[in-house]
Structures are given as structure tokens and as C-alpha cells.
Amino acid sequence: MFAVLKTGGKQYKVTSGDVLRVEKLNAQAGDKIQFNEILMVGDTVGTPLVEGAGVQAEVIDQIKGPKTINFVKRRRKHSSARKKGHRQQLTLVRIGDILEKGADKSGIAAAVSGRGLAIAAGAVAVVAAAGAVAVAASTPKKKAETKKAEAKAEAAPKAEKKAPAKKAAAKKEATAGGDDLKELSGVGPALEKKLHAAGVTTFAQIAAWTPEDVAAMDEKLSFKGRIDREGWIDQAKKLAK
């Protein structure tokens, strides 16, 4: 009697006593296994499987198939070549009894391919990850943190709008009570800003400058002798009165 079984995405026609190389199975040498995906047993054809049928086998060894070489070369200006070798993992089994019925009651473990096991493990990992995300999303602490982050995001544009207004108010406070330094010869709006930035806001401050102060201010603001040339100190003394 023969049977047609399916494992690892391939179909095999087998009889009792055959030695078969199949896609890697999750089993060790000496283990008894059973193939339950039977497409045909003798004259019985499955739709698509034959109900209750099975093929028992014994695992002989875990082996590797012959080496295959994958060589790719691209003939272009920037040519490239790639060479890879591969040996497929296989399981060597010896076919035993072929059961037309009652395979589900034999008590022998079903054959599971390594690829099927990996797919199942991946599915379990995906489900576990999805569950973890769902639990994390439903945690009150996480919800509270999300609300705080949203509140900060809404408050950020308002804070940015308030910042220029605060800077303008600070400038007004800094210059409040100060003199109009543009009355000095050669002093325009830009130069007045530099003087304010250096802490000079009144004529009295300029009138009290010593030669050392003048030299320091020339170097600090790159005036290059403008203070003496324009006579700011004398002008400041008159304007301060």
C-alpha cells in the first residue's frame, strides 16, 4: 500500500520501509512521529485530506542537503557581484505503518516542520505584543502621562507668543528714565542700542567717564576714537544740566 503525504510544503509518495528526506522537523533521532496530512491512501483520494489517515515514521537523523551556490553579477558602470552558499536543513526519516483510519488515536506525536514552528512562534509573539500594547494603553498612569503631554503641547505656542512681549517690556524697563542719547552728535538708533546694551542710558554716565572708561568703551564697542572726536563728554555735561 502507498500513500501521498504532505509536509514542509511538499508532497511525497511513500510506501512502508522507504527512507525519505523531508524539510526539517522538530524532532530528534530515534523519535517516533506521524504525518497526518495525507492526500491519498491506496485508492482513496482526500478532499483535500483523507480523514483519519496517517503515516508513521521514525527519525533517523538531522542532516543538511547539498551546497547550492547563488551568484549574482550586474554588468553596469558600477558593477557588483555577490556569491552566497546555502545548505538546506533536512530530516531523514524511515516510513513505518500506513494507516487508513484511526491515526488520531495512535498516540504518536504529529510531525511538525521547523518552518511551521517558527511561523507559530512568530504569531504568538505578535499576539503577545498586541496584548502588551493594549494593556499599556489602558493603564491609568499612561493615560495621565498622555494628557500631560497634550497639555504641554498646547501651552507651548502660548508661551512662545508671550516671550516677545516679555522681552519688549524688559527693554522698556531698562530704558525707562534714561536720556535720549541720539542728541549726541554721531549717535543714531543703532549706536544708541549698543550703548544701552553696554549699560549706558543717561548723559550723566557719559559725563562722568574717565580716560580709562573712554578707552574701555572704544575697545568694547569698536568706536575707534569717536568719543573724543565727537566730544561726547562735553556734550553730555551740557545736556545733563
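The values are calculated or read from the model by the stated rules, or taken from the named source; none is laboratory data. Note that this is a predicted model, so its numbers are computed, not measured. Quick reminder, even Gly has a Cβ in these numbers, built from the backbone with ideal geometry, and neighbours come from all protein chains shown.
Could you list, in sequence order, all residues of the range 188-219 that are β-branched (Val, Ile, Thr) and over 15 Å from residue 238 (Cβ atoms)?
Of everything in the range 188-219, those that are β-branched (Val, Ile, Thr) and over 15 Å from residue 238 (Cβ atoms) turn out to be 200, 201, 210, 214.
Determine, yes or no, whether residue 71 is under 17 Å from residue 8 (Cβ atoms) and aromatic (Phe, Trp, Tyr).
On the way: under 17 Å from residue 8 (Cβ atoms): no; aromatic (Phe, Trp, Tyr): yes.
Criteria not met by residue 71.
Among the residues of the range 43-79, what is the count of those that are in contact with a strand residue (DSSP E or B) (Cβ under 7 Å, 6 or more places away or on another chain) and either among the aliphatic types (A, V, I, L, M) or within 17 Å of residue 18 (Cα to Cα) (or both)?
15
List the number of the failed condition for residue 165; all other conditions in (1) at pLDDT 80 or above; (2) among the aliphatic types (A, V, I, L, M); (3) part of a helix (DSSP H, G or I) hold.
Of everything listed in (1) at pLDDT 80 or above; (2) among the aliphatic types (A, V, I, L, M); (3) part of a helix (DSSP H, G or I), residue 165 misses just condition (1).
Can you tell me which residue among 49, 39 is assigned to a loop (DSSP other than H, G, I, E, B), over 25 Å from residue 87 (Cα atoms) and aliphatic (A, V, I, L, M)?
It is 49.
This table checks each residue for (1) within 30 Å of residue 221 (Cβ to Cβ); (2) loosely packed, with under 10 Cβ neighbours inside 10 Å; (3) modelled with pLDDT of 80 or more.
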| position | (1), (2), (3) |
| --- | --- |
| 137 | no, no, no |
| 140 | no, yes, no |
| 145 | no, no, no |
| 155 | no, no, no |
| 169 | yes, no, no |
| 174 | yes, no, no |
| 194 | yes, no, yes |
| 197 | yes, no, yes |
